[in-house]
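The values are calculated or read from the model by the stated rules, or taken from the named source; none is laboratory data. Note that the structure is a prediction, hence the values are computed from the model and not measured. In this analysis, Cβ positions are derived from the backbone assuming ideal geometry, glycine residues included, and neighbour counts consider all displayed protein chains. Accessible surface is based on the protein model in full, side chains and every heavy atom, while ligands, DNA and RNA are left aside. Shrake-Rupley method; radii C 1.70, N 1.55, O 1.52, S 1.80 Å.
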Amino acid sequence: LKIDLQNECLKKIDAALYNLYGPTEAAIDVSYWKCELNDKLKTVPIGKPIDNIELLILNKDLKLLPVGVVGELHIAGIGLSVGYHNKTELTNEKFIPNPYCIDGYDRIYKTGDLARWLLDGNIEYLGRIDHQVKINGLRIELGEIEYQISRIEGIEDVKVIDRIDK
């Protein structure tokens, strides 16, 4: 949820507003943030994990990162998928053993999302570690689009970028 949309909604609608985060690999929602007007916030946090979910922010060596340090967000818990249908290699790449197995959650999912812990125990989402983008909530691999375009006869080089036209 973008900060300006959050603030616009909170000013116009007399209702609670929540920012929910979660990929389809983990039962959709794994964290929540009760939105509030706050002039100090530059982004809307994705909040804290829901019950029966663990969120870990790890570096490339799978070491836990302290408050404020950016790393990859990983998910463990009861809502985690068993993997990708008929994609064993991808499943083994993204669903890995949990080096911090707590509460019996022995696998974690590598989201590819960059995040960091805030001082209050909430998580701030900061973007992606790869070239994947989200358009209307759908994950798009720009490299896959580039590959398909490059297969067209007469195309010598291609680069796909995301941008917002205003």
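Annotations for the structure displayed:
- From the list G127, G143, the one residue that fits, being of a type outside the set (V, I, T) and within 17 Å of the chain's Cα centre (by Cα), is G127.
- Among the candidates Y32, Y109, residue that is aromatic (F, W, Y) and in contact with a Ser or Thr (Cβ under 9 Å, 6 or more places away or on another chain): Y109
- Complete set of residues in the stretch 18-37 that are more than 23 Å from I78 (Cβ to Cβ) and open to solvent by less than 50 Å² (accessible area, probe 1.4 Å): C35
- Selected residue (criterion: farthest from the chain's Cα centre (by Cα)) from residues of the stretch 4-17 that are within 24 Å of P49 (Cβ to Cβ) and surrounded by 14 or more Cβ atoms within 10 Å (Cβ to Cβ): L10
- Residue check, G104 of a type in the set (G, A, S) and in contact with a helix residue (DSSP H, G or I) (Cβ under 9 Å, 6 or more places away or on another chain): no
- Residue match in the stretch 45-59 (condition: farther than 25 Å from L10 by Cα and among the small types (G, A, S)): no
- When the stretch 38-67 is limited to residues that are over 17 Å from the mean Cα position of the chain (by Cα) and among the acidic types (D, E), the one that is least open to solvent (accessible area, probe 1.4 Å) turns out to be D61.
- Residue in the stretch 77-94 that is open to solvent by less than 40 Å² (accessible area, probe 1.4 Å), closer than 29 Å to K42 by Cα, in a strand (DSSP E or B) and not hydrophobic (A, V, I, L, M, F, W, C) present: no
- In the stretch 29-36 there is no residue that is in contact with a strand residue (DSSP E or B) (Cβ under 8 Å, 6 or more places away or on another chain), charged (D, E, K, R) and farther than 30 Å from K12 by Cα.
- Single residue of the stretch 120-166 satisfying the filter (small (G, A, S) and either free of Cβ contacts under 8 Å to residues at least 60 places away in the same chain or surrounded by 12 or more Cβ atoms within 10 Å (Cβ to Cβ) (or both)) that is farthest from L58 (Cα to Cα): G154
- Residues (assigned to a strand (DSSP E or B), open to solvent by less than 70 Å² (accessible area, probe 1.4 Å) and touching a residue at least 40 places away in the same chain (Cβ under 8 Å)) located in the stretch 96-119: I108, Y109, T111, G112, D113, L114, A115, W117
- For L56, the criteria (1) under 24 Å from K110 (Cα atoms); (2) touching a Leu at 6+ places or on another chain (Cβ under 7 Å); (3) part of a loop (DSSP other than H, G, I, E, B) hold in every case but one, which is (3).
- Conditions (1) of a type in the set (S, T, N, Q); (2) touching a residue at least 24 places away in the same chain (Cβ under 8 Å); (3) over 27 Å from L1 (Cβ atoms); number of the one not met by T91: (2)
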